[in-house]
Protein chains: 2
Amino acid sequence: MTVVYDRVALIGLGLIASSMYWAIKRAGIAGHVSGFARSGETRRTAREIGLCDEICESAAEAVHGADLVVLCVPVGAMGNVAAEIAPALKPGACVSDVGSVKKAVFEAVAPHIPDGVHFIPAHPLAGTEHSGPRSGFATLFDERFCLIVPAERTVPEEVARLSAFWQSLGAHTEEMDADHHDLVLAVTSHAPHLIAYTMVGVADDLRRVTDSEVIKYSAAGFRDFTRIAASDPVMWRDVFLNNKDATLEILGRFTEELFALQRAIRTGDGALLHDYFTRTRAIRRGIIEAGQDTDAPDFGRMRRD
Amino acid sequence: MTVVYDRVALIGLGLIASSMYWAIKRAGIAGHVSGFARSGETRRTAREIGLCDEICESAAEAVHGADLVVLCVPVGAMGNVAAEIAPALKPGACVSDVGSVKKAVFEAVAPHIPDGVHFIPAHPLAGTEHSGPRSGFATLFDERFCLIVPAERTVPEEVARLSAFWQSLGAHTEEMDADHHDLVLAVTSHAPHLIAYTMVGVADDLRRVTDSEVIKYSAAGFRDFTRIAASDPVMWRDVFLNNKDATLEILGRFTEELFALQRAIRTGDGALLHDYFTRTRAIRRGIIEAGQDTDAPDFGRMRRD
């Protein structure tokens, strides 16, 4: 594998940045990777486990001389971090990010980017229920999609270079504009997360059903919701606050449809329910065929012995 | 393993019955297992793959001489099947079922059970996204719970015997009354399934986001919903029609909470969102610790190469 960027800086050292580092090492596509995290404890952990070739004491120091700077902080922190690193950016460098929302990140970061520095937002669609510098692993992005969201006048060669970088980490890349990205993600990620958080919250609140019952009997369907409802709270707070319109639109549609199904239950309209449940099977088949999930019967199951 | 019931009859040959058969064989806890399915094609498939020691041409024939009869048909079909087999039941036999709703099944089946025959409803909490006679496997019930829901005057020895049977199939057993069962399942299974079906339906309906986008980018959270939204449509139609009150109660609470979170998004109340998302993590930890799910980072992932 050839080097795509000689020097890479990762700002924020959670699940995504730490996985990027291990995937960069696996691919051998960068000469040197520096890292920074705001928390001293995270920096200590990173040094202890050998995360990044160098852990710096400030974001500005970390981006010094970097050809690619990737902002891996919660969406709500992107603007401040951009302001902080702006004076230290190398002319000709590329700044990117991994935020789950693109329009708000663009608006927060773009004003700080100096002339002669490229800014290309991106979003790798991958994650686990774990967070923090110890949670990363090299294969996180394999066969997953990374959406590249260039602004109108971005230099095509720089977009191609960033795409090549993500492909080297194992991902498929696609280009998309920021508005469409935010709508697609509201459907495939943001609304599902809020719904999962809500369902888990309801179960936790219900006094007549104990938490231990909810836990013991979760294999009947509930457990599928709990995995995404265990995601990082700060990250998700920022996602919802920064993709307000698209998320609320999808949740509005969701509520409409849910009411229609509730009404069918109340009135005993079995035909409507049956038709609805038949239609949703096709989407699942598509996901299996596209290699984005497994239909193995032991999915999520394990033996204690 | 000693024989718990000499002759067992399985009525309806889908995922649960076929898994029961393979688990019975693995455990060696029955001398003879007969089976019946209403569809001629299912009976042919069962004979072809060696499912059951004998496939009968009627439900009455299948239950003839059986010590344990397990009704494995959709909840809405239980009453008719019970009426059909009633005259053929052996005195002293035990009739049970595997339906996901217990009060409605009790009311539909109990009036048909002759004097001298025991009736003990049960519900194994296990499943996959597949259905039909070919979908069963011996380990489906391992480490899962089977809820036994005896009526008031049921003979304790018969309850113990049915519990021993399910334990031999790999399950943990718990006793519960029908009303509580239906509420617990509304929380852990029925409401989550309806919500998942709804979310998948919304994604499928949205014209500005194509199905292929939904499928490609599903790893961002959506795919977790699609597995349970691929479950058998007839089974689920019957569950909702027969556990109407508890399901609608939980959905009402769910909608209330969802509205509160939507309002927090609209008004920008980050603190409320953050607190809510932190609280739901604890439930997830409980489920992992109870061995009801895995937190392995490759959960649901696979490599194509």
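Bear in mind these aren't lab numbers, they're just calculated from the coordinates by the rules spelled out. Just so we're clear, the structure is a prediction, and the values are computed from it rather than from any experiment. Positions of Cβ are generated from backbone atoms using ideal geometry, with glycine treated the same way; all protein chains shown enter the neighbour counts.
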Under a cut-off of 12 Å between alpha-carbon atoms, report the aspartates and glutamates in cross-link reach of B:Lys216, not counting same-chain residues fewer than 8 places apart. A:Glu143, A:Glu174, A:Glu289, A:Asp293
For chain B, what does the helix formula give at 222 nm: sum of -39500 (n - 2.57) over DSSP H segments with n ≥ 4, over the residue count, nearest 500 deg cm²/dmol? -14500 deg cm²/dmol
Pick from A:Val149, A:Val209, A:Val200 the residue whose mean-square fluctuation is largest in a GNM of chain A, springs joining Cα atoms under 10 Å. A:Val209
Whose amide H sits under 5 Å from the amide H of B:Asp97, counting only residues 5 or more places off or on another chain, with H placed in the peptide plane? B:Leu71, B:Ala122
Just name one of A:His130, A:Leu147, A:Pro91: the one whose Cα is farthest towards the positive end of the charge dipole of the stretch A:8-156 (beta-carbon charges, Lys/Arg +1, Asp/Glu -1). A:His130
What distance in nm lies between label points placed 7 Å from Cα along the C-beta direction at A:Glu107 and A:Thr2? 4.0
Pop a pseudo-label 7 angstrom from the Cα along the beta-carbon direction at both B:Arg285 and B:Glu157 and give the gap in nm to one decimal. 4.8
Tabulate in residue order the Karplus-calculated ³J(HN,Hα) for the stretch B:16-22, using 6.51 cos²θ - 1.76 cosθ + 1.60 with θ = phi - 60°, rounded to whole Hz; enter x for Gly and Pro. 6, 4, 5, 5, 4, 4, 5
With +1 assigned to the C-beta of every Lys and Arg and -1 to the C-beta of every Asp and Glu, and no other charges, what is the dipole magnitude of chain A about the Cα centre in debye, to the nearest 20? 880
Förster-model FRET efficiency, 45 Å R0, B:His130 and A:His64, C-beta, rounded to 0.05: 0.25
Exam field: A:Ala151 pseudo-label spacings to other copies (7 Å along Cα-Cβ), nanometres: 7.3
Tilt, helix B:270-289 to longest principal axis of chain B (alpha-carbon atoms), in degrees rounded to tens, equals 30
Give me the lysines in straight-line cross-link reach of B:Lys244: C-alpha distance below 18 Å, same-chain residues under 8 apart excluded. B:Lys102, B:Lys103
Calculated diffusion of chain A, Stokes-Einstein form, Kirkwood radius summed over Cα pairs, 4 °C and 1.567 mPa s, µm²/s: 62
Tell me, what ³J(HN,Hα) does each residue in the stretch A:32-46 have, in order and in whole Hz, if you take phi through Karplus 6.51 cos²θ - 1.76 cosθ + 1.60 with θ = phi - 60° and put x for Gly and Pro? 8, 10, 9, x, 8, 9, 5, 7, x, 5, 5, 4, 4, 4, 4
Between copies, how close do the B:Lys25 label points come, placed 7 Å along Cα→Cβ, listed in nm from shortest? 4.8
Out of residues 5 or more away from B:Cys146 or on other chains, whose amide H comes under 5 Å of its own, with H placed 1.01 Å from N in the peptide plane? B:Leu125, B:His172, B:Thr173, B:Glu174
Antiparallel DSSP bridges in chain B: what percent, to the nearest 5? 10
If amide hydrogens are placed 1.01 Å from N in the peptide plane, which non-local residues have theirs closer than 5 Å to the one on B:Glu54? B:Val33, B:Gly35
Taking 0.36 nm per residue of sequence separation and subtracting the Cα-Cα distance, how much length would be gained by fully extending the chain between A:Gln167 and A:Asp295, in nm to one decimal? 43.5 nm
A:Asp295 label points, 7 Å along Cα→Cβ, one per copy: pairwise distances from this copy to the rest in nm, shortest first? 3.1
Out of the DSSP beta bridges found with both residues in the protein assembly as shown, what percent are antiparallel (nearest 5)? 10
Under a GNM of chain A (C-alpha, springs under 10 Å), which listed residue has the highest mean-square fluctuation: A:Pro124, A:Pro233, A:Pro87? A:Pro233
For the residue pair A:Arg47 and B:His274, what label-to-label distance in nm results when each label sits 7 Å from Cα along the Cα-to-beta-carbon direction? 2.8
Cα centre as origin, Lys/Arg/Asp/Glu Cβ charges: the stretch B:123-273 dipole, Debye: 680
The stretch B:91-101 - phi-based ³J(HN,Hα) in whole Hz, Karplus 6.51/-1.76/1.60, Gly and Pro as x: x, x, 5, 10, 9, 9, 8, 10, x, 7, 10
Given unit charges at Cβ for Lys, Arg (+) and Asp, Glu (-), the dipole magnitude of the protein assembly as shown about its Cα centre in debye, nearest 20, is 400
